[in-house]
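Trainee: Quick one: the structure is below, questions incoming.
Values in this text are rule-based calculations from the coordinates and carry no lab data. It should be emphasised that the depicted structure is a prediction, and the values quoted were computed from it without experimental measurement. Ideal geometry is used to build each Cβ from the backbone, glycine not excepted, and the neighbour counts take in all protein chains shown.
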Amino acid sequence: MDALEAIFTRRSVRKFTNKPIEEEKLRQILEAAMSGPSCVNARDWAFVVVTEKEKLRQMAQANGRPAQPLKEAAAGILVCGDLQRAFGPAPEYWVIDGAIAAQNICLSAQAMGIGSVWLGTWPQMDRVENQRRLFDLPETVTPHSIIALGYPAGESAAPRESRYEEDRVHWEKW
Ligand SMILES: Cc1cc2nc3c(=O)[nH]c(=O)nc-3n(C[C@H](O)[C@H](O)[C@H](O)COP(=O)(O)O)c2cc1C
């Protein structure tokens, strides 16, 4: 699958089979996460990869009801910002760098036939603090988002129509 096909066919997948994700595929997904652009190439992220069922359940609970797909996922990746590595004059870029890493996780998974759903964490600080506590994260590491991953079950990966909207685009001038 090429990059455009992965972008255009990706949908959030919230139902997964029991099949585990092969370790080499998880590593490729993590390599993709670390292959995106980041402000001044700070690569100011860190990842917690979870495959144990009980820990996935705890992560789901810590993020509240919208994170329930994690309970049946084969893996969950907690994308974090590592503020010690962030760009000094404007450390807030960590949020953008984390989002790019998270999207690369979703797209690389799609390219391998693995479903994903992004579970929003930052800036909902109750979720951020819950995940921080669950994983006993260092003070300088902030949870950004969770990506639940697994082989898709049922019809959750149905294709969608183009989202292109001409009136959102302003050529040359507004
Ligand atoms: C920042 C962010 C937070 C999200 N949080 C959740 C979530 O907590 N639970 C969930 O099921 N989906 C979540 N999603 C997935 C969106 O609901 C989904 O991307 C959107 O409805 C578009 O559908 P699609 O991904 O199938 O194109 C989130 C997506 C983003 C980008």
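Trainee: For the chain, what is the relative contact order in percent, using Cα pairs closer than 8 Å and at least 6 residues apart in sequence?
Mentor: In percent, rounded to a whole number, it is 34.
Trainee: Tell me the label-point distance for the pair Glu54, Asp126, using the 7 Å Cα-to-Cβ offset, in nm and rounded to one decimal.
Mentor: Going by the 7 Å Cα→Cβ label model, 2.6 nm.
Trainee: I would also like to ask the following. In deg cm²/dmol, rounded to 500, what helix-only [θ] at 222 nm does the chain give when every DSSP H run of at least 4 residues adds -39500 (n - 2.57) and the total is split over its residues?
Mentor: Per the formula, -10500 deg cm²/dmol.
Trainee: Here's another thing I want to ask about it. Using +1 on the beta carbon of Lys and Arg, -1 on that of Asp and Glu, and nothing else charged, what's the dipole of segment 57-136 about the Cα centre, debye to 20?
Mentor: Here the size comes out at about 240 debye.
Trainee: Picking from Ile105, Ala90, Ile146, whose Cα lies most toward the positive end of the charge dipole for the chain (charges on Cβ: Lys, Arg +1; Asp, Glu -1)?
Mentor: Checking the options against the dipole of the chain, the answer is Ile146.
Trainee: Then there is this: Calculate the FRET efficiency for Gln68 and Arg133 from the Cβ-Cβ distance with a Förster distance of 22 Å, rounded to the nearest 0.05.
Mentor: So the FRET efficiency works out to roughly 0.65.
Trainee: So for the chain, Kirkwood radius off the Cα pairs, Stokes-Einstein at 4 °C and 1.567 mPa s: how many µm² s⁻¹?
Mentor: Answer, rounded: 77 µm²/s.
Trainee: Oh, and also: Where in segment 1-82 are there GluC sites (Glu not before Pro) that are in a DSSP coil and have at most 14 other Cβ atoms within 10 angstrom of their Cβ?
Mentor: Sites meeting the loop and neighbour criteria: Glu22, Glu52.
Trainee: Can you put Ser162, Ser38, Ser116 in order of Cβ neighbours within 10 angstrom, beginning with the fewest?
Mentor: Ser162, Ser38, Ser116
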